[in-house]
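What follows is a single structure, written as structure tokens, with notes after it.
The values are calculated or read from the model by the stated rules, or taken from the named source; none is laboratory data. Bear in mind that the values here come from a model prediction, so they are computed numbers and not experimental data. When we count neighbours, we look across all protein chains shown, and the Cβ atoms used for this are built from the backbone with ideal geometry, even at glycine. Surface accessibility is based on the protein's heavy atoms, side chains included, excluding ligands, DNA and RNA. Shrake-Rupley method; radii C 1.70, N 1.55, O 1.52, S 1.80 Å.
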Amino acid sequence: MPDDSPRPNSPEARDAASIIHPLTNLKTHLEKGPVVIDEGKGVWVTDIHGKKYIEGMAGLWCLSLGYGQDRLVKAAADQMARLPYYHLTNHKSHSPVIELAEKLLEMAPVPMSKIWFANSGSEGNDSAARIVWYYWHAKGQPEKRKIIAHQRAYHGNTIASASLSGMHYNHASFGLPLDGFLHVTPPHHYRYAESGESEEDFATRLADELDALIIAEGPETVGAFFTEPIMGSGGVIVPPPTYYEKIKIVLDKYDMLLISDEVITAFGRTGNMFGTTTMGLKPDMIVCAKGLSSAYIPISALMVNARVFDVISEESDRVGVFGLSFTYSGHPVAAAVARETLRIYEDEDIVGHVRAMDPHFQGGLRELLDHPLVGEVRGMGLVAGVELVKDKATGEAFDPALGVGPFCNDRAEEHGLIIRAIGDTMSFCPPLIISKDEIEEMIARFRLALDDTMEMLQERGVK
Ligand SMILES: Cc1ncc(COP(=O)(O)O)c(C=O)c1O
């Protein structure tokens, strides 16, 4: 076995000696160390040894305009020089955040009243959960505070947003979720449908499941439902066509708020400016982050409709102030970068580009269905998941202990492609500016990784 542990005093060894990494096996990392990325241009990144990779995940589903956007650098530098900081508390404001809020309200996929700013998707969802509680309290129903989300959802990692999330790793050993956060079956037909069940029947069954859960808990105790229009970190799950229609009927029946977590899907990713439009949602609040600034700087925005705002506004008057606050809410440099990002989306017709690339990307990945490892390819626009399975005919999954997904991930990296294994689903979320040639190159490199994975499984007698 070659020793691939970091050389003493290398950046890799210094990293392992000094940093706790998120979503990483901390023990393995001590021996394995990181890939240290040095620079980026377009959809490409280069590590400190000069190796180039296609950044097939836009970082963490976020770097939508790719690297080297000089307009964003200039927007940040100009704002840094003019007014690097001001806050929004106690009746203060500044022009960049006003312009950004107005623009977001103009772009909103359903009528929205006001924007609440924070620094991350987690804080956006956390704020939304807090606003749900505040809202029902103000309405004289303080007990209507339970919140339902999906198993396998990823809504972030503050205590509330990790509780909203439905990923095992967010909860295990942390004593989460908090009481009052409930989870229903994800709308993934391929994995969760019963034998012979149509998409329509599957959607009906899941809506019935939601209804039954609300009844069991007591509708007077259940305040809201959070959903990602297309689930990202849970494995790129695209709900069946009538799913949200059926869910909305249940939510309306029990007078519940709907929150659309668009942290991945907003700003063109699914082929519309918002995933809410793509999936036909009618939410009361929408959470945006990541693509809001193309990840050049941390910022998130929570859109709040008039139904909610009018109530929380009255309540803040009763309490004295609206008691949510972050020092960096609507930070001027972040707001200026986000405003410029939104201009670039329009100037470059990013939605048109995603639609033009969709057939090459989704079609190209679907051609991989001829590969003996590929069970399902799913996605929309420029986000997709390719699920590797033991048995294509039945969809039988591999034993997780085999680590098929992580192996394929490592092989892709060896071939100069950064993607992300979610179990055995290989996820893709490239920068939205990716070209047709780059898509073809990305898929060709992925096929090499698939072949390597197949070879490993054959050697081990598994396939
Ligand atoms: C759908 C969704 N919501 C929320 C978050 C959390 O965002 P952040 O990491 O900026 O806190 C993420 C992050 O991946 C996400 O994918």
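Report whether or not Leu178 is touching a helix residue (DSSP H, G or I) at 6+ places or on another chain (Cβ under 8 Å), of a type outside the set (Val, Ile, Thr) and surrounded by fewer than 23 Cβ atoms within 10 Å (Cβ to Cβ).
Details: touching a helix residue (DSSP H, G or I) at 6+ places or on another chain (Cβ under 8 Å): yes; of a type outside the set (Val, Ile, Thr): yes; surrounded by fewer than 23 Cβ atoms within 10 Å (Cβ to Cβ): yes.
The answer is yes for Leu178.
Applying the selection to the range 61-111, what residues are at negative phi, outside any helix (DSSP H, G or I), within 23 Å of the chain's Cα centre (by Cα) and of a type in the set (Gly, Ala, Ser)? Within the range 61-111, Ser64, Ala108 qualify.
A Cβ distance below 8 Å, combined with a sequence gap of six or more or placement on separate chains, defines the contacts here; from the range 8-21, residues that are without any contact (Cβ under 8 Å) to a residue 24 or more places away in the chain and among the hydroxyl-bearing types (Ser, Thr, Tyr) reach residues that are surrounded by 12 or more Cβ atoms within 10 Å (Cβ to Cβ) and not in a helix (DSSP H, G or I) in the pairs Ser10/Gly33.
From the list Phe326, Phe322, Phe309, exactly one residue is over 16 Å from the mean Cα position of the chain (by Cα), within 13 Å of the ligand (Cβ to nearest atom) and farther than 30 Å from His360 by Cα. Which is it? Only one candidate qualifies: Phe326.
What tally of residues in the range 147-159 results from selecting those that are open to solvent by 10 Å² or more (accessible area, probe 1.4 Å) and among the hydrophobic types (A, V, I, L, M, F, W, C)?
In the first step, residues of the range 147-159 are kept if they are open to solvent by 10 Å² or more (accessible area, probe 1.4 Å); the result is 151-152, 154, 157-159.
Subset that is among the hydrophobic types (A, V, I, L, M, F, W, C): 159.
Qualifying residue count, the range 147-159: 1.
What pairs come up if the first residue lies in the range 156-176 and is at pLDDT 95 or above, the second is away from the ligand (no atom under 11 Å from the Cβ) and open to solvent by 80 Å² or more (accessible area, probe 1.4 Å), and their beta carbons are under 8 Å apart, counting only those six or more places apart or on different chains? Between residues of the range 156-176 that are at pLDDT 95 or above and residues that are away from the ligand (no atom under 11 Å from the Cβ) and open to solvent by 80 Å² or more (accessible area, probe 1.4 Å), the close pairs are Ala160/Arg130; Ala162/Phe174; Leu176/Ile159.
Select from the range 166-193 the residues that are within 14 Å of the ligand (Cβ to nearest atom) and closer than 21 Å to Thr221 by Cβ and list them in ascending order. Selection gives Gly166 alone. Any residue that is open to solvent by less than 50 Å² (accessible area, probe 1.4 Å), under 16 Å from Val238 (Cα atoms), touching a residue at least 12 places away in the same chain (Cβ under 8 Å) and under 22 Å from the mean Cα position of the chain (by Cα) - is there at least one of those in the range 187-201? Scanning the range 187-201, I find at least one residue that is open to solvent by less than 50 Å² (accessible area, probe 1.4 Å), under 16 Å from Val238 (Cα atoms), touching a residue at least 12 places away in the same chain (Cβ under 8 Å) and under 22 Å from the mean Cα position of the chain (by Cα), so the answer is yes. Considering only the range 322-342, I want to know if a residue exists there that is among the acidic types (Asp, Glu), at pLDDT 95 or above and under 24 Å from Gly42 (Cβ atoms). Checked against the condition, which is being among the acidic types (Asp, Glu), at pLDDT 95 or above and under 24 Å from Gly42 (Cβ atoms), the range 322-342 yields at least one hit.
All conditions in (1) out of contact with any Lys or Arg (no Cβ under 7 Å at 6 or more places or on another chain); (2) open to solvent by less than 80 Å² (accessible area, probe 1.4 Å); (3) without any contact (Cβ under 8 Å) to a residue 40 or more places away in the chain; (4) more than 16 Å from the ligand (Cβ to nearest atom) hold for Gly68, with the sole exception of (1).
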